[in-house]
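Notes follow the structure.
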Amino acid sequence: MDDIRGVLSLQEYITNLDVSLLPRILQICSGVYFQGSVYEVSGSEVCLSTGDFVKVIGLELLSVCCDDIGANATFELPLNHSGLFKVVPEDLPYSSMEEMVGLQPFAVDTCGSFTFISGSELIINDFTVPSGSELTLLTVEHSEGKESYSRCQLRGNQGVSVEVHIPLSCHGEFYECESDRGYSLHEIMLSSRLRRRRFRKTKSNTCGSPLFFTPVYQIKGIMHMRKDIVKFPSSLEVDVIDVTEQNTDLKFVIPISIAEVPNQPKEGFPTMAEIFEAPENSQLFCCHWFKELLKGRNIVLHGWGKTAMTIACTPKGRKAQQYFLLSHVYGGQMRRKAREFSSVFELYLASMRTPSLTVSVTKNCEGIEEEGVPALSVGEQLEVLKLQDVEVLAGKLSAVSKVESLICRRITDDDDDDDDIEGQAEDREICMPLFTPANFAEKLPDKRKYSLTELVQHFQLPLEVKVVSRDKVLEKDPLVGLSALQLEHTIEEATVLASLPEHPEQRFELPIRWLQMSFSLTSDPLPWHTSQTPAFYTEGITEITDHLYHEYHKFIWTDEAPPPRPPKRKSLISKSEVEPKASRSVTEPGNLTKHLTTLSLEHTKATFRRRSPPPPPTKPDRSKTPPPVVPRKSLSLSTSSPNTYVTTPRKQKQEQKENTSSDSEHDYETLEELIRDAHDSIMFY
């Protein structure tokens, strides 16, 4: 701290300040900010009067001020500036090795080498270093009880290098050599030694004038006798003096962030506090207490801890979805809701999480023998057994194909009979391919009520439930009356337990991760008598917005693999058995008769049994006599004029001349003639 003692400009003081020494107390000495003046700086009013005290509690690097020494110009550079800069060697020589080592642009032990030239001849332990020799500083050796020295490398004319130990007390003329090493703007700002040096651009075509960099910080401080955190730049033209040691008894309001509350001793809770900084993000919570977290508002802090919470939401529907964080202290009772499945694949995924899953068919399903799909009727009950590859015979060629299918057992009313139970169970097993679009509803074994903790412990999430009994400690339970509630994931949150002074018994939990706010602890009395401690309870429901709900999704499910894709339906019928529907060979007259004679009812059923949008065709005529083919109209038998729309232009012109010369008075066609000509032309072509 010796280098920042006495009266300094604010910029000079902050530039040389070690952040690890914060907080520091400064006193305003003089400047352009007159006594009692108020200035608007970065959206907040800052009053810097002579004699005022400011407690600096934080610094944030905003930008870099660049002074072009040659052009006498000043401009700012952003922190992410991509250019590199190299150190400009000092013009004046160093008088000793100790001075040069102390003022070099980086620490020797961490940042590499430093090259210099000795302007005079050096004699060290009977070894002579000629003047003008180039030496590379490697490290500085400090040993207790002995003189410190620098390890240097002397490079000879023929490339031979010799290591020389030069004591730090050695005097002479030492000139710094220019280095090609480039430094980024970020590296320069992090090193106090580099900030004292001049630089030049590494990729500049010309030599360029030297540049001097000065960091511009945003100072976060507390004014004496004021309960606001002020922010102002370090570039203000104000002179300050550090009075931290002289004013140890000076009392400032000490704000603590919500993340620092767990660092406080638990013996100090409950306590009264004042909200110093209110949360700025209003897109997180929809609960009633979030609207009360205003700047200057008093609040009761009861403590802190880790809280198990479950993310829940209402199902998608006509009404807007609602999202909740449910603490496991929630006292409502819930009942599991039967799940619905629209395919066998969904049923299989659910059976992986729920062994011995039993479902009921809710919609008739037509069987398809060629694809191995069994017929299902409404009301049938099935128990999921296992997944297995099943061989299916398809078409007349009896081609065998393996299909991934779900093995289920039909449950009947005579399951309680003891006669040949194993044989009946095998007969009642059915195989359903995973691509089957059937509809099922889960059959729950009981209608028991569960607490939130029991559901999380005994069942795997996600789980759909319905709240059937409200939390009795709450005046109004928002979960009661909802058609359904989906419990999605369980997390653990660090929370601060708080309440409002008007209702100190209604405690709520503030998630530390999602709230950016600060408090100032006060000595105000608690809002209840010591002998009449109220019956505290904690609200277990925190309604959140869709924005925070999706933020939780990003945080939780980032590393999880996506769900598997449903299998695609493949046709099991051989291509050789089915002719294309729109083949050119069939449409020809010769092949049309042959195709109709070979067509049978069974072949037609197999062809149109695939799932296709149009309805099945009517039964074909079994008679062997093919339908008569309409003969083409001969040109000689046609009484109509040729189609002039498709003849060549030259022919059309000749016909028009002939018609004009033969009948000049009748140069138009009637509607009947146009229709007849068009009909004949279509039949002809």
Computed label-point distance, nm, for sites GLN283 and ILE407 using a 7 Å Cα→Cβ extension: 5.3 nm
Per-residue HN-Hα couplings for the stretch 144-152 [Karplus 6.51, -1.76, 1.60; θ = phi - 60°; Hz; x = Gly/Pro]: 6, x, 10, 6, 6, 9, 10, 8, 10
At R0 = 60 Å, FRET efficiency that the Cβ-Cβ distance of HIS142 and SER523 yields, to 0.05: 0.75
CYS286 long-range amide H proximity, modeled H, under 5 Å: GLU543, ILE544, THR545
The stretch 93-177: C-alpha gyration tensor shape, a/c 1.5 cut-off, then a/b vs b/c: rounded
Residues HIS489 and THR354, FRET efficiency given R0 of 22 Å [Cβ-Cβ distance, rounded to 0.05]: 0.80
Highest average packing first - 372-380, 117-125, 537-545, Cβ atoms within 10 Å: 537-545, 372-380, 117-125
Nitroxide proxy distance, nm - points 7 Å out along Cα→Cβ at ASP18 and SER30: 3.0 nm
Cα-Cα over 23 Å, subset of LYS319/LYS476; LYS86/LYS231; LYS443/LYS476; LYS266/LYS291: LYS86/LYS231; LYS443/LYS476; LYS266/LYS291
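All of the numbers you see were taken from the coordinates with simple rules; none came from a lab. Just so it is clear, the structure is predicted and the values come from calculations on it, not from any experiment. In this analysis, Cβ positions are derived from the backbone assuming ideal geometry, glycine residues included, and neighbour counts consider all displayed protein chains.
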